[in-house]
Amino acid sequence: MKAGDSLFRQVKMLFISAIVVSLFILSLAYSFNDHQGSRDAEASVAPEFAAGPDMQSFMLGAMARGKDISVVNDQGAFYEVAMQGETTTILGSYADIAMQEASPFVEGALNGMTIYVDPGHGGADPGAIVNGDIHESELMLDIGLRLEERLMDEGAFTKLSRRDDSFVDNDDRVADSKKVNAGVFISLHANTYGSSSVHGTEVYFNRDAYPEQSEQLAADIQHTLTEGSSFANRGIRAEELNVIEHPHMPSVLVEIGYMTNGEDLEKLMNGQEDIVARLASGIVRYAEQ
């Protein structure tokens with residue numbers, strides 16, 4: 001082989017190698033920009049960060065070790081989550097799954113059960129108002145938050161329709177309960193009437209939505225709320241009320257007491273721990289059958 005041919009081959013190989021290296025560098029740059037674009041898109045939705053499966057695993061591990069993790073702000077697609085004094089934003093779907101899967105680490109009568117707690121009204125819809133500034137929506141939110149803690153102590157995974165005085169459409173409440181695959185839906189309310197002598201508890205269910213299970217759930221909650229309590233037993237009733245008309249699980253609407261009755265109102269305002277204990281007992285009673 002001539003010296004000129006050898007030199008030509010070497011130059012040709014160097015040229016090909018340079019092209020291959022250039023293409024590889026371009027490929028890496030494209031992948032980085034594409035990944036960065038995805039991160040920028042997520043950051044535009046959640047300024048802190050949008051966590052994926054890694055955060056879900058982290059939450060599961062933390063819960064398994066008994067760490068206290070709570071959702072402090074439900075932003076719909078994203079949750080602001082607090083753990084040990086620190087807060088961060090994560091995808092709501094990962095938080096739901098992580099907390100639901102973590103529930104078996106807590107032993108209790110409701111171990112592994114998913115319960116959707118719906119504090120009625122909220123925001124522009126305050127519900128009933130008595131004495132000028134006592135709102136049904138605020139009373140039910142207080143009871144709902146307390147009930148969540150009690151149910152979690154019993155091993156349940158819980159999801160609230162709202163955590164502050166915000167408006168949530170009834171259809172969105174139902175859709176949210178389906179998203180987390182809830183096994184039970186409980187809507188919390190208080191009643192009013194023209195006469196202050198009317199008092200007591202009523203629990204409503206829908207005959208078109210898991211009728212047998214819903215009726216049993218209503219009966220169990222009615223029993224525990226009124227047995228040995230100052231709340232009069234006004235019975236359970238089948239009604240086509242909007243929020244329990246199209247759910248995908250046994251559902252009830254609880255009218256705990258009458259805000260227009262002095263004794264009932266006192267209990268609704270200052271006897272919430274007893275109310276919550278009785279509500280939880282009714283759910284346990286239902287679950288154990």
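The values are calculated or read from the model by the stated rules, or taken from the named source; none is laboratory data. These numbers come from a predicted model, not from an experiment. Glycine gets a Cβ as well: all are built from the backbone with ideal geometry, and neighbour counts include every protein chain shown.
Would you check which residues across the stretch 189-212 are under 22 Å from the mean Cα position of the chain (by Cα) and more than 13 Å from Leu241 (Cβ to Cβ) and list them?
Ala190, Tyr210
Looking at the structure I just gave you, is Ala277 out of contact with any Asp or Glu (no Cβ under 9 Å at 6 or more places or on another chain), touching a residue at least 60 places away in the same chain (Cβ under 8 Å) and either of a type outside the set (S, T, N, Q) or in the same structural domain as Ser137 (by TED's automatic domain parsing) (or both)?
yes
List every residue pair whose Cβ atoms sit under 6 Å apart, with the two residues 6 or more apart in sequence or on different chains, where the first one lies in the stretch 207-231 and is assigned by TED's automatic domain parsing to the domain that holds Glu255 and the second, anywhere, is in a loop (DSSP other than H, G, I, E, B).
Pairs found: Ala209/Pro247; Tyr210/Pro250; Gln213/Pro250; Ser214/Pro250; Leu217/Pro250; Leu225/Phe231; Phe231/Gly200.
Would you be able to say whether some residue in the stretch 257-268 is at negative phi, touching a Pro at 6+ places or on another chain (Cβ under 7 Å) and not aromatic (Phe, Trp, Tyr)?
no
So how many residues does the stretch 239-289 have that are hydrophobic (A, V, I, L, M, F, W, C), farther than 21 Å from Pro211 by Cα and surrounded by fewer than 19 Cβ atoms within 10 Å (Cβ to Cβ)?
Total satisfying the criteria: 2.
With Gly228, Gly194, Gly144 as the choices, which residue is at pLDDT 95 or above and on the phi > 0 side of the Ramachandran plot?
Only one candidate passes the filter, namely Gly228.
With respect to Thr192, determine if the residue is of a type outside the set (Asp, Glu) and free of Cβ contacts under 8 Å to residues at least 60 places away in the same chain.
no
What's the total number of residues in the stretch 254-289 that are over 28 Å from Thr114 (Cα atoms) and within 21 Å of the chain's Cα centre (by Cα)?
0
Suppose we filter the stretch 163-194 for residues that are assigned to a helix (DSSP H, G or I) and not polar (S, T, N, Q); how many remain?
Residues meeting the conditions: 8.
Please find, among Gly122, Gly132, Gly112, the residue that is of a type in the set (Gly, Ala, Ser) and crowded, with 17+ Cβ neighbours inside 10 Å.
Exactly one residue qualifies, and that residue is Gly122.
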